[in-house]
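Here the structure is laid out as structure tokens; the discussion comes afterwards.
Readers should treat all values here as calculations from the given coordinates under stated rules, not as data from a laboratory. Quick caveat, the model's predicted, so the values are computed rather than measured. All Cβ positions, glycine included, derive from the backbone under ideal geometry; neighbour counts span all protein chains shown.
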Amino acid sequence: MSPPERSPRVFIVEDESLLVMLLEDLLPTLGYDVAGSAGSVDQALTDLADAQIDVAVIDINLAGTPSFPVADALHARGVPFLFTTGYGPQGLPERFADAQVLAKPYRRQDIESALTRMCPRA
């Protein structure tokens, strides 16, 4: 008998605690495990050093600080990610031109569809 497949692990980078709580509640209902969350670039980079994750959801603006160093670190590890923002995709550096961007507020089916395209559930 083979072991059951595990759910993909999602890392959340978001500075709004209400959105973190929403995602922590929502993601398991969509078939994903929450591997952790961070509210700042420094915290995210520290936490990612040891994190075993399959995909990440990254707010572009963390209390006025762009989260692009986090996206760069994930890209270097080969971990897919999507950006969330209240401002739209304009202003993204050219290196992220192909990145998925979800506008806030997003709906359940929006995040589910985006995550499924990047990291299908087990």
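Here are the numbers for this structure:
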item: Axial C-alpha extent at least 18 Å, average Kyte-Doolittle at least -0.5 - helices from the chain (DSSP); result: 17-29
item: For the chain, size of Cβ-based charge dipole, Lys and Arg +1, Asp and Glu -1, in debye; result: 360
item: Value at 222 nm in deg cm²/dmol, rounded to 500, when DSSP H runs of n ≥ 4 in the chain each add -39,500 (n - 2.57); result: -10500 deg cm²/dmol
item: Longest segment of the chain lacking trypsin sites (Lys or Arg not before Pro) that sit in a DSSP loop with at most 11 other Cβ atoms within 10 Å; result: 7-106
item: Beta bridges by DSSP in the range 9-117, antiparallel share as percent, to the nearest 5; result: 10
item: Virtual paramagnetic centre 7 Å along Cα→Cβ of Leu18, amide N under 19 Å, in the range 29-50; result: 38-40
item: Under 13 Å from the Leu26 label point (7 Å along Cα→beta-carbon), backbone N, the range 43-73; result: 57-59
item: In the range 1-102, the chymotrypsin sites (Phe, Trp or Tyr not before Pro) that fall in loop regions by DSSP, at most 13 other Cβ within 10 Å; result: Tyr87
